[in-house]
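Peer 1: Dumping the structure here so I can ask a few things about it.
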Amino acid sequence: MDTAGGGLVSRLATWGLAAVVGLGALGGAWPSDAATTTAFGRFGWITIPGSGTSGPADPYPSWAPVSGLTGFVTRVRVFLWGLSHTRPDDLDIFLGAPNGRNVMLMSDAGGVDDVSSIILYFDDCAPSSLPFDAPLWDWTYRPTNHRADADVMPGGTMNGLAGLVGLPASELNGTWNLWIDDDWGLNSGQIGVGWFILITTDSTRPTHLSCAGPDFDLDGFPDLVVGAGAGGGPHVKVLSGKSPTTELMSFFAYDPAFTGGVRVAACDLTGDGVPEIVTAPGPGGGPHIKVFSGLGYGTISGPLGSFFAYDPAFTGGVFVGCSDVNGDAVPDIITAPGPGGGPHVRVFDGRTGAAIREIFAFSPGFVGGVFIGP
C-alpha cells in the first residue's frame, strides 16, 4: 500500500501543507482550473478515552479553524492519521461543521481486532462502508454508523459528507470540531498524528456529489485517462474532465522508443481516494503491467507496481481493466492478451498482486485476442 506515513507527508505537501511537524492547525490549497481543493486540520495527540476506560477523548472536541473558502462546495473528505485502538467498534467519531451540519464518520465499526497507527480516509465516493465486524486497515471508506440508536453525540447528524455539497463554501469557514467517544469499557487508544479535512470548491454550484469516473484533481469532475494507439509511443495523459485542454499528468509508461502504443485503466489501488493508472503495452510489447500513482510519484510500491501478466516472451500486447472481482472493496486488475495470444483472462488481487482468477473466455485455440469492457 502507498498510504504509509511517508506517503501521506508527500500528499500534505502537495496540498500546500509543506510544514508537517509540530502541533497546531494548518491549511493550504492547490488550484485546478476554477476548482480548488484546500486542506485544513490539526496535528496533535488525541487520547481515547481521556481518562478511565470509557467516555470522551481528550481533547473533546479537537478543533481546527477553516478560512478563506469561496464559491460552492463540490466535495468534502476527511482522514484520520495514526488511529490506534484495542477495540475499534467501541469508537464513535463525529465531525461538526461550523454551519451546524454534522456527520458521524464512524460508529460501531471495525469489530474487535485492534488497529495500530492506521490511516482512515472518509469519502462518500468510496466503494464501500466501514465493515461491521471485519478488521480495519489503511483505506478509504464511506462514513458509517452501524447502530445510530445507541449514539449520544453533540448536535444533529446528516447523511454523510455529501450533505455539504452545493452549499456556499463560506458556510464552512469557521471552527470545525471532532468529537470522539469510547462507548464501552476495558479498551483504549489514540490518534497519534492528527486529523484533516479536504474541501473542494468551485465557482459553479453543483446539484449533487459526482462520483462518476476517476477524479485525479479532486474537483468533482471525472477526468480522462488516454494512451497512444499503435504507431505511437507509450505516452499516457490525464486530461481534466472540466477543461479537457488542461493536462493534469503526462508521462511515458515504457521506453519512449517503443511504438506499439499503450493501454490504460484507472482505479484506486492505494485507498487514498485518488485513482492510480494501470498500463499495458500495445502490439509488439511484452505483457508488462505497471501501476502509476495518481499523484505523480511513479509506480506504486509492492508487487502491483510492476509485473508480467503472461509469459514475458509474448509480444502481442495486453488489454487491462479494473473491477472488484473478489468483493473485498478493493479493485482488482484484469488482463487479457492481444492478437496472437489465447483468450486467457486473468485477475490479479488489488491488495496482494496474486493471480486469483483465470478463465479462457473463448475456445483455447482462438488467438485473436480478447477485449476487456469497462
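Peer 1: Does Trp184 satisfy the condition of being open to solvent by less than 30 Å² (accessible area, probe 1.4 Å) and either of a type in the set (Phe, Trp, Tyr) or assigned to a strand (DSSP E or B) (or both)?
Peer 2: Details: open to solvent by less than 30 Å² (accessible area, probe 1.4 Å): no; either of a type in the set (Phe, Trp, Tyr) or assigned to a strand (DSSP E or B) (or both): yes.
Criteria not met by Trp184.
Peer 1: Is there a residue being modelled with pLDDT of 95 or more, in a loop (DSSP other than H, G, I, E, B) and open to solvent by less than 30 Å² (accessible area, probe 1.4 Å) anywhere in segment 301-314?
Peer 2: Yes; the residues of segment 301-314 include at least one that is modelled with pLDDT of 95 or more, in a loop (DSSP other than H, G, I, E, B) and open to solvent by less than 30 Å² (accessible area, probe 1.4 Å).
Peer 1: Could you please tell me which pairs satisfy a Cβ distance under 9 Å, a separation of 6+ or placement on different chains, a first residue in segment 198-227 that is farther than 22 Å from Thr270 by Cβ, and a second residue that is crowded, with 23+ Cβ neighbours inside 10 Å and among the basic types (Lys, Arg)?
Peer 2: Thr201/Arg75; Pro206/Arg75
Peer 1: Something else about it: Mind listing just one residue for me: the one in segment 200-242 that is hydroxyl-bearing (Ser, Thr, Tyr) and crowded, with 16+ Cβ neighbours inside 10 Å and, of those, nearest to Gly166 (Cα to Cα)?
Peer 2: Thr201
Peer 1: Going by the structure shown, is Leu95 out of contact with any Phe, Trp or Tyr (no Cβ under 9 Å at 6 or more places or on another chain), crowded, with 18+ Cβ neighbours inside 10 Å, more than 23 Å from Pro275 (Cα to Cα) and in contact (Cβ under 8 Å) with a residue 60 or more places away in the chain? Can you show your working first?
Peer 2: Working: out of contact with any Phe, Trp or Tyr (no Cβ under 9 Å at 6 or more places or on another chain): no; crowded, with 18+ Cβ neighbours inside 10 Å: yes; more than 23 Å from Pro275 (Cα to Cα): yes; in contact (Cβ under 8 Å) with a residue 60 or more places away in the chain: yes.
Spelling it out, it is not the case that Leu95 is out of contact with any Phe, Trp or Tyr (no Cβ under 9 Å at 6 or more places or on another chain), crowded, with 18+ Cβ neighbours inside 10 Å, more than 23 Å from Pro275 (Cα to Cα) and in contact (Cβ under 8 Å) with a residue 60 or more places away in the chain.
Peer 1: Let me ask something else about it. Return the pair list, or none, for Cβ contacts closer than 9 Å from residues in segment 323-348 that are over 23 Å from Asp272 (Cβ atoms) to residues that are among the hydroxyl-bearing types (Ser, Thr, Tyr) and part of a strand (DSSP E or B), at least 6 apart or on different chains.
Peer 2: The qualifying pairs are His344/Thr335; Val345/Thr335; Arg346/Thr335.
Peer 1: Of the residues Ala126, Ala64, which single one is surrounded by fewer than 23 Cβ atoms within 10 Å (Cβ to Cβ), under 16 Å from Phe196 (Cα atoms), at pLDDT below 95 and of a type outside the set (Ser, Thr, Tyr)?
Peer 2: Within the list Ala126, Ala64, the selection yields Ala64.
Peer 1: Another question, if that's okay. So is Trp176 within 28 Å of Asp108 (Cβ to Cβ), crowded, with 20+ Cβ neighbours inside 10 Å and modelled with pLDDT of 85 or more or not?
Peer 2: yes
Peer 1: Return the residues of segment 38-51 that are touching a residue at least 12 places away in the same chain (Cβ under 8 Å) and either in contact with a helix residue (DSSP H, G or I) (Cβ under 8 Å, 6 or more places away or on another chain) or open to solvent by 20 Å² or more (accessible area, probe 1.4 Å) (or both); say none if nothing qualifies.
Peer 2: Residues satisfying the conditions are Ala39, Arg42, Trp45, Thr47.
Peer 1: Among Ile372, Ile359, which is the only one that is over 20 Å from the mean Cα position of the chain (by Cα), without any contact (Cβ under 8 Å) to a residue 24 or more places away in the chain and open to solvent by 10 Å² or more (accessible area, probe 1.4 Å)?
Peer 2: When all the criteria are applied, what remains is Ile359.
The values are calculated or read from the model by the stated rules, or taken from the named source; none is laboratory data. Note that this is a predicted model, so its numbers are computed, not measured. Here the Cβ is made from the backbone with ideal geometry for all residues, glycine too, and neighbour counts use every protein chain on show. With ligands, DNA and RNA removed, areas are computed over all heavy atoms of the protein, side chains included. Shrake-Rupley method; radii C 1.70, N 1.55, O 1.52, S 1.80 Å.
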